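What follows is one structure encoded as structure tokens, with my remarks underneath.
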Amino acid sequence: MAEQEPVIGIDLGTTNSVVAIVQSGQPHVIPNRTGQNLTPSIVAVTSAGKRLVGQLAKRQAITNPEHTVYAAKRLIGRKFGSDQVRRARESLPYQIVCGEHDDVRVQMGDKAVSLQEISAAVLRELKLDAEAALGRTVSKAVVTVPAYFNDGQRQATKDAGRIAGLDVLRILNEPTAAALAYGFGKQVTGKIAVFDLGGGTLDVSVLEVAKGVFDVVATGGDTYLGGEDFDNRIIEMLVMNFAKEHGVDLRKERMALQRLKDAAERAKIELSELTETNINLPFLYTPPGGTSAIHLQASLTRARFEELTQDLVERTVEIVDKVLTEADVHPDELREIVLVGGMTRMPAVQRAVRRHFQRDPSKGVHPEEVVALGAALQADALMQPSSQVLLLDVTPQSLGVAIAGGYNRVLITKNTTVPTSVTELFHTSRDGQTTVKIMVLQGESELAHQNELLGEFILSGLRLAPRGEVEIEVNFEINSEGIVSVSARDKETGLEQSITVTASGGLTPDELKNILEAQADSLLEARISSEVQQKRNALTSAAAEVSALIPRVRQLTGSSEFGREALRRAEEVITSARAAAESDDLAGLADWVDQLERTRVLFVGVLERLGARQ
Amino acid sequence: MPSGTDRTQQDPLTEAVDLEPDRKREILAREALLGRDDWTVLGLKPGANAEAVKLAYFEASRVFHPDRYYGKNLGSFRARLERIFQRLSEAHETLTEALRRAPPPPAAGSTHAVTRPGQTGSTAPVDPRAEERRARLARHPYLARNARASALVEEAQRQMKSAPQKALHLLGQAKTLGGHSPKDRAAMEAEAKQQVAKGRADDEMKAGNDAAEVGDSETAARAYARASELDPQRADAAYEAARWLLRASHPLAEARKFAQQAVTLRVDHLQSQLLLAEICLRMGMGSVARRHLEAALKLDPKNAKAKTLLRQVR
């Protein structure tokens with residue numbers, strides 16, 4: 001057999017990226033052309049219009065902050081109007097502008113560059129590094145993303161690969177990759193947890209490993225908790241002290257901010273080894289009017305740094321806890337805890353993990369390289385039929401459809417092993433409804449608009465019938481490539497419509513809410529169980545009973561303060577209860593029935609007493 | 001499942017795909033089993049243990065997971081593989097969950113329950129001369145300390161049940177003397193500490209009950225939580241702690257910890273299951289809530305609250 005084309009694994013990180021490959025059955029990191037294993041995920045355009053990537057871009061960041069883009073991963077696949085982007089805009093020295101489809105772009109010179117292009121520049125650099133090292137063309141790769149990336153962010157990462165001339169075989173979750181690399185070649189059997197605290201994100205995964213099979217049990221995390229948040233705490237402190245001392249807000253000075261950022265990151269890294277460090281930034285700020293420049297000199301102890309970031313460390317442990325609980329895994333069941341990501345070098349993070357799990361985390365993995373090694377292993381597993389490695393991955397977020405009332409009906413719950421498919425029956429939600437709109441949502445919220453809209457389509461030509469009579473079968477499918485497809489079928493006519501979810505909507509919650517409201521008439525309705533129907537009937541009759549009592553109660557007690565108050569409350573309850581009757585929330589319905597019943601008992605009691613007296 | 005069936009009018013064995021005939025036959029044979037029970041789907045005999053279920057699932061995944069045929073032309077076999085794999089993972093999950101809830105009784109020969117070493121005070125008949133010899137030796141200056149330490153340990157043993165605090169004190173004295181059986185002493189010390197903690201847990205429980213009676217949920221919650229921490233084996237303490245922490249609007253994660261503990265200690269306690277489910281539900285952990293609600297409904301199939309909550313999950 002001819003030698004197969006090499007397939008690389010790429011860890012496209014927030015701050016640094018790494019490329020790796022499996023050769024003769026062993027994964028190893030490919031150093032870049034300057035001999036480093038880590039390539040900074042930084043892209044810059046010089047004043048001469050030259051594009052720089054990696055170390056070269058990083059080196060000139062201080063003198064060219066406005067045209068040096070870092071942390072692109074925090075923005076990729078997001079909408080310009082989203083909270084996350086708004087927050088990022090405050091702390092980034094480069095300028096972010098809104099693209100045509102409310103996507104995020106970076107102003108570089110006179111061009112507004114998409115984040116996909118920025119990431120593509122990094123990926124292309126890594127591809128060239130790999131080609132230089134292997135002496136062959138490379139056109140296929142497995143690229144990792146944080147487990148918590150939604151479909152839009154994954155698609156955008158795939159697009160970045162395509163722009164860079166790489167066919168992305170698979171998007172792989174970072175902690176899964178880490179576990180693959182960790183478990184590879186070891187005879188580990190049992191459950192292991194991977195705690196991956198990188199530059200921008202925290203990912204936690206639990207895997208069950210035996211004989212080369214890696215079964216992901218659960219995965220979760222926080223896309224906005226990482227090393228940069230720790231840096232920002234130092235920056236905030238420095239900025240505040242500087243403002244107090246000199247009355248200058250450094251956050252408005254792009255160049256100063258970039259230098260502060262570098263210094264904060266360096267200080268943070270040093271404090272993993274040392275107990276105290278100095279931050280010296282000479283000529284940090286030159287006041288207008290030619291007065292002499294101000295220097296920044298500060299010292300930071302490890303204890304103070306830990307104090308500044310205590311809540312961040314605590315949050316990491318909380319997230320671990322949440323993931324374990326969701327997976328119904330007790331900490332005692334874990335065989336190993338693997339720490340991944342540069343931030344796990346911080347002693348306070350290690351302490352928190354140790355305290356929480358009551359044991360030492362596993363050593364012996366290189367936290368910054370392990371993810372790329374895992375990506376290379378998965379690439380090899382896909383291409384080599386003889387590979388011993390098999391990964392059973394899960395869908396990291398729930399998938400559902402928007403139903404009447406603005407709710408999200410989940411069809412595939414998070415942490416379901418893929419490939420998978422689910423079919424569920426729905427109704428029309430309105431009399432004479434001839435079309436339904438299927439809105440595909442990704443996320444965990446019960447409220448539709450708080451999830452991500454992945455795509456939408458219309459099934460039309462339904463029979464004219466009263467609400468609830470037309471049955472629609474909705475099928476969700478995630479295939480082994482991780483591609484989501486959704487179809488809807490009118491059971492009666494066999495009419496079918498489907499979409500393959502490819503591009504992301506990525507709308508803000510408000511936008512989605514507006515869309516949902518506009519579509520309110522054509523949504524699906526979950527099948528109403530007989531229980532809900534019974535409760536609804538009970539509610540209607542209870543409301544009618546109370547209403548019937550009101551005139552007599554008013555006649556007898558309407559003149560008293562108590563009576564007026566009680567009547568007002570009763571009327572409120574009836575109005576709200578009747579409004580709630582529309583929902584199919586059983587608990588809510590039961591609640592209103594209870595309240596109506598209490599009011600009825602109260603009124604009957606009042607009437608009996610007063611009636612008897614008269 | 002859409003498609004698949006209409007395309008396979010022809011014999012799938014003759015379909016031109018990148019699969020060996022043997023592999024095709026293997027796939028078709030497993031596909032024919034998909035309607036059967038979970039054990040059969042995984043190729044197991046009913047009653048296998050969790051470990052066997054996992055291994056069977058992993059072995060089958062090696063054959064039937066679509067990734068094993070990445071980049072190949074699979075024709076109708078892609079859908080077949082995806083169908084088989086989905087059924088395999090469902091069977092694995094169902095059986096694993098069921099075995100977790102009710103592990104099969106261990107076979108007679110394979111118990112690895114550790115028999116705890118007998119806790120001193122053995123009642124074996126004592127040779128009188130050996131007793132005398134020991135007493136004489138004990139008077140030897142080098143050994144006197146040992147004898148004194150042993151006496152203290154024995155006294156501690158007697159006090160253990162009635163006055164664990166005193167026992168702990170005696171054991172501490174023995175420790176400073178450097179007794180001859182540090183192992184026993186350490187075990188007893190641990191036991192004494194546990195007894196003391198249990199006593200204090202009782203007190204905290206009483207304090208909790210008192211506070212609960214007057215509706216002081218904050219104090220009650222704290223007392224119950226301390227009781228549960230002092231005596232982690234006390235199911236009622238864990239349950240009450242969770243219940244009152246919830247009522248006193250403490251962070252849900254805290255209440256959940258105790259509720260989880262309560263459920264772990266008493267799997268068959270309906271209220272604990274319900275409480276844990278309710279907390280999980282509020283924390284947005286629907287799948288966990290569902291599991292516990294299903295457990296609750298197993299205990300009491302008619303329970304209205306469990307049904308209501310379960311509906312919320314869905």
Restricting attention to the stretch A:444-465, and to residues there that are farther than 30 Å from B:Ser61 by Cβ and within 12 Å of chain B (Cβ to nearest Cβ), which single residue is surrounded by the fewest Cβ atoms within 10 Å (Cβ to Cβ)?
A:Gln450
Identify all residues within the stretch A:410-422 that are within 10 Å of chain B (Cβ to nearest Cβ) and in contact with a Leu (Cβ under 8 Å, 6 or more places away or on another chain); write none if there are none.
A:Val410, A:Thr417, A:Val422
Scanning the stretch A:376-408 for residues that are in contact (Cβ under 8 Å) with a residue 12 or more places away in the chain and at the interface with chain B (Cβ under 8 Å from one of its Cβ atoms) gives A:Leu382, A:Met383, A:Leu390, A:Leu391, A:Leu392
Among the residues listed as A:His366, A:His356, the single one being farther than 30 Å from A:Ile483 by Cβ and in a loop (DSSP other than H, G, I, E, B):
A:His366
Taking strands (runs of 3 or more DSSP E) that fall entirely within the stretch A:420-460, which contain at least 1 residues that are touching a residue at least 12 places away in the same chain (Cβ under 8 Å), assigned by TED's automatic domain parsing to the domain that holds A:Val401 and basic (Lys, Arg)?
A:436-442
Here's a check for you: in the stretch B:17-56, which residue that is closer than 23 Å to A:Arg170 by Cα and of a type outside the set (Asp, Glu) is farthest from the other protein chains (Cβ to nearest Cβ)?
B:Val17
Among the residues of the stretch A:333-353, are any at pLDDT 85 or above, surrounded by 17 or more Cβ atoms within 10 Å (Cβ to Cβ) and within 14 Å of chain B (Cβ to nearest Cβ)?
no
Would a scan of the stretch A:262-285 turn up a residue that is more than 30 Å from A:Val194 (Cβ to Cβ) and either part of a helix (DSSP H, G or I) or within 14 Å of another protein chain (Cβ to nearest Cβ) (or both)?
yes
Within the group A:Gly247, A:Gly212, A:Gly221, which residue is of a type in the set (Gly, Ala, Ser), within 14 Å of chain B (Cβ to nearest Cβ) and at positive phi?
A:Gly212
Inspect the stretch A:21-41 for any residue being within 22 Å of A:Arg154 (Cα to Cα) and without any contact (Cβ under 8 Å) to a residue 40 or more places away in the chain and give the result as yes or no.
yes
Among residues belonging to the stretch B:155-169 that are without any contact (Cβ under 8 Å) to a residue 24 or more places away in the chain and not in a helix (DSSP H, G or I), point out the one that is surrounded by the most Cβ atoms within 10 Å (Cβ to Cβ).
B:Ala163
Looking for whichever is surrounded by 12 or more Cβ atoms within 10 Å (Cβ to Cβ) and free of Cβ contacts under 8 Å to residues at least 12 places away in the same chain here; the options are A:Ala566, A:Ala587, A:Ala581, A:Ala570. Which one fits?
A:Ala587
Answer yes or no as to whether A:Val440 is in contact with a strand residue (DSSP E or B) (Cβ under 6 Å, 6 or more places away or on another chain), within 11 Å of chain B (Cβ to nearest Cβ) and closer than 29 Å to A:Val145 by Cα.
no
Residues located in the stretch B:65-90, provided they are of a type in the set (Phe, Trp, Tyr) and either within 34 Å of the chain's Cα centre (by Cα) or not assigned by TED's automatic domain parsing to the domain that holds B:Gly43 (or both)
B:Phe85
Does the stretch A:298-315 contain any residue that is within 11 Å of chain B (Cβ to nearest Cβ) and either under 23 Å from A:Val217 (Cβ atoms) or at pLDDT below 90 (or both)?
no
Here, strands (runs of 3 or more DSSP E) confined to the stretch A:130-222 with at least 1 residues that are touching a helix residue (DSSP H, G or I) at 6+ places or on another chain (Cβ under 9 Å) and of a type in the set (Asp, Glu) are A:167-173, A:190-197, A:202-210, A:213-222
Kindly indicate whether A:Thr201 is in the same structural domain as A:Leu373 (by TED's automatic domain parsing) and over 22 Å from A:Ala381 (Cβ atoms).
yes
If a residue must be over 17 Å from A:Glu90 (Cα atoms) and in a helix (DSSP H, G or I), how many such residues does the stretch A:238-261 contain?
6
Count - residues of the stretch B:60-87 that are in a helix (DSSP H, G or I) and facing chain A (nearest Cβ under 9 Å)
12
With the structure loaded, tell me whether A:Thr434 is at pLDDT below 85 and either surrounded by fewer than 21 Cβ atoms within 10 Å (Cβ to Cβ) or closer than 30 Å to A:Lys322 by Cα (or both) or whether it fails that test.
no
For A:Ala263, only one of the following conditions fails: (1) small (Gly, Ala, Ser); (2) touching a helix residue (DSSP H, G or I) at 6+ places or on another chain (Cβ under 6 Å); (3) more than 30 Å from A:Gly374 (Cα to Cα). What is its number?
(2)
Could you tell me whether A:Ser387 is small (Gly, Ala, Ser) and assigned to a loop (DSSP other than H, G, I, E, B)?
yes
Within the stretch A:194-211, take every residue that is of a type in the set (A, V, I, L, M) and in contact with a Lys or Arg (Cβ under 9 Å, 6 or more places away or on another chain) and give me the one that is surrounded by the fewest Cβ atoms within 10 Å (Cβ to Cβ).
A:Ala210
For the stretch A:316-351, which residues satisfy the criterion of being closer than 20 Å to B:Leu99 by Cβ and assigned to a loop (DSSP other than H, G, I, E, B)?
A:Ala327, A:Asp328, A:Val329, A:His330
Quick one: would you say A:Gln378 is modelled with pLDDT of 85 or more, polar (S, T, N, Q) and surrounded by fewer than 22 Cβ atoms within 10 Å (Cβ to Cβ)?
no
Just to be sure I understand, how many residues within the stretch A:466-512 are touching a helix residue (DSSP H, G or I) at 6+ places or on another chain (Cβ under 6 Å) and either within 14 Å of chain B (Cβ to nearest Cβ) or modelled with pLDDT of 70 or more (or both)?
1
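The values are calculated or read from the model by the stated rules, or taken from the named source; none is laboratory data. Remember, it's a predicted structure, so these values are computed and weren't measured experimentally. All Cβ positions, even for glycine, are placed from backbone atoms using ideal geometry, and neighbour counts span all protein chains on display.
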